[in-house]
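Engineer: Here it is, the structure in full.
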Amino acid sequence: MSTLAGAGRRKSRLGWNLLGLLVFVVAGFPLYWMLNTAFKPAKDAIDPDPSLLPTGLTFANFGRALDIADFWGPVGRSLVVSLAVVVIGMAVGLLAALAISRFAFRGRKIVIVGILAVQMVPLVAMIIPVFLLLNDLGQYDRLTGLIITYLTFVLPFTVWTLRGFIVNIPKELEEAAMVDGCSRTGAFLRVVFPLLAPGMVATSVYGFIQAWNEYLYALMLLSQKNQTATVWLGNFTTKHGTEYAPMMAGATMMAVPIVALFLLVQRKMAAGLTAGAVKG
């Protein structure tokens, strides 16, 4: 019986491993194809019978991507917008998450339901009201207007995610610190905040990615002179066709900040994701 049970467990483990490998291939293939197209000759990128394996290696596509339009300006604006969204979103979202997870007040459940409801509204449904509102406020074609817009969908995500992390930290730790003489603020800064740091890192990374990769609002709310990096990729599509190889080279360069960010905070990311996966 034990032999049969061991064989069954091995088959089950093999099945899950194969499923995991399949998911990895499906999820990773677009990234592989982007890199493959970015480094292959431009004529091979439009070949009607493309090869799955690299057919050549060239860096000419990156030079073409940098020549076709200003690259560093849009990337700099995207960095400013994304970092501003993360900093403001974390500052406001942390206080809001702390309030709804640690304090009992009238309307608390309504606030929680409202946060969930906002996240269920399709972003495309709000583009016209947001455009009219920013135009009335004089924030159309300004990075500050785009930052405010991004905060409307990054903040609910930030508050809800940080709430899950804060709920996982026992209140008794704060109470013990307050018994030892700390104020409520001191107990939070000395006890809760260090434990919350991995969760804050994980939430910040996802907020940064949301702001960095957003395309629709950046296209509608900014003119060409103030375009961000995602809109910049549209310069490769003209009335004469699409330059796929330079476009993929540009997309590869755009992915570098995200990859670098993940490499810098990968340990904190792993700790934060596991910390928020217990309860909440």
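The values are calculated or read from the model by the stated rules, or taken from the named source; none is laboratory data. These numbers were taken from a predicted model, which means no experiment stands behind them. A quick note on method: Cβ atoms are made from the backbone with ideal geometry, for glycine too, and the neighbour counts reach across all protein chains shown. Remember, those area values only see protein heavy atoms, side chains included, never the ligands or the DNA or RNA. Shrake-Rupley method; radii C 1.70, N 1.55, O 1.52, S 1.80 Å.
To keep it simple, each residue is scored yes or no on (1) surrounded by 14 or more Cβ atoms within 10 Å (Cβ to Cβ); (2) within 29 Å of the chain's Cα centre (by Cα); (3) assigned by the TED database to the domain that holds LEU151.
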{"residue": "ALA42", "(1), (2), (3)": "yes, no, no"}
{"residue": "SER51", "(1), (2), (3)": "no, no, no"}
{"residue": "LEU57", "(1), (2), (3)": "no, no, no"}
{"residue": "VAL81", "(1), (2), (3)": "yes, yes, yes"}
{"residue": "ILE100", "(1), (2), (3)": "yes, yes, yes"}
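Engineer: Of the residues that sit in the range 59-70 and are in a loop (DSSP other than H, G, I, E, B) and modelled with pLDDT under 85, which one is nearest to GLU243 (Cα to Cα)?
Structural biologist: Only one residue tops the list, namely ALA69.
Engineer: I would also like to ask the following. Is at least one residue of the range 208-226 assigned to a loop (DSSP other than H, G, I, E, B), open to solvent by 40 Å² or more (accessible area, probe 1.4 Å) and closer than 19 Å to ARG77 by Cα? If you could, list the steps in order and put the result at the bottom.
Structural biologist: We begin by selecting, within the range 208-226, every residue assigned to a loop (DSSP other than H, G, I, E, B); these are 214-215, 222-223.
Checking which are open to solvent by 40 Å² or more (accessible area, probe 1.4 Å) leaves us with 215.
Those left that are additionally closer than 19 Å to ARG77 by Cα: 215.
For the range 208-226, residues assigned to a loop (DSSP other than H, G, I, E, B), open to solvent by 40 Å² or more (accessible area, probe 1.4 Å) and closer than 19 Å to ARG77 by Cα: present.
Engineer: Need pairs with beta-carbon distance below 6 Å; first residue under 17 Å from THR228 (Cα atoms) and within the range 243-258, second among the β-branched types (Val, Ile, Thr) and modelled with pLDDT under 90; sequence gap 6+ or separate chains.
Structural biologist: MET248/THR37
Engineer: Of everything in the range 22-49 that's over 17 Å from ALA251 (Cβ atoms) and in a loop (DSSP other than H, G, I, E, B), which residue is modelled with the highest pLDDT?
Structural biologist: PRO41
Residues checked against (1) open to solvent by less than 70 Å² (accessible area, probe 1.4 Å); (2) farther than 21 Å from PHE208 by Cα; (3) modelled with pLDDT of 85 or more:
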position	(1), (2), (3)
ILE112	yes, yes, no
LEU133	no, yes, yes
ASP136	no, yes, yes
TYR140	no, yes, yes
THR144	no, no, yes
ILE148	no, no, yes
PHE153	yes, no, yes
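Engineer: Here's something else I'd like to know. Here are the criteria: (1) touching a residue at least 60 places away in the same chain (Cβ under 8 Å); (2) part of a loop (DSSP other than H, G, I, E, B); (3) not polar (S, T, N, Q). Tell me which single one VAL75 does not satisfy.
Structural biologist: (2)
Engineer: So which pairs qualify, if the first residue must be in the range 112-134 and outside the structural domain of THR161 (by the TED database), the second must be loosely packed, with under 13 Cβ neighbours inside 10 Å and not in a helix (DSSP H, G or I), the Cβ gap must be under 6 Å, and the two must be at least 6 apart or on different chains?
Structural biologist: From residues that are outside the structural domain of THR161 (by the TED database), there are no pairs.
Engineer: If you check LEU94 against the conditions, is it open to solvent by 30 Å² or more (accessible area, probe 1.4 Å), in contact (Cβ under 8 Å) with a residue 60 or more places away in the chain and not hydroxyl-bearing (Ser, Thr, Tyr)? Steps first, please.
Structural biologist: Numbers: open to solvent by 30 Å² or more (accessible area, probe 1.4 Å): no; in contact (Cβ under 8 Å) with a residue 60 or more places away in the chain: yes; not hydroxyl-bearing (Ser, Thr, Tyr): yes.
For LEU94, the condition - open to solvent by 30 Å² or more (accessible area, probe 1.4 Å), in contact (Cβ under 8 Å) with a residue 60 or more places away in the chain and not hydroxyl-bearing (Ser, Thr, Tyr) - is not met.
Engineer: Here is a follow-up. So which pairs qualify, if the first residue must be in the range 167-182 and within 17 Å of GLY199 (Cβ to Cβ), the second must be of a type in the set (S, T, N, Q) and modelled with pLDDT of 80 or more, the Cβ gap must be under 6 Å, and the two must be at least 6 apart or on different chains?
Structural biologist: Between residues of the range 167-182 that are within 17 Å of GLY199 (Cβ to Cβ) and residues that are of a type in the set (S, T, N, Q) and modelled with pLDDT of 80 or more, the close pairs are VAL167/SER101.
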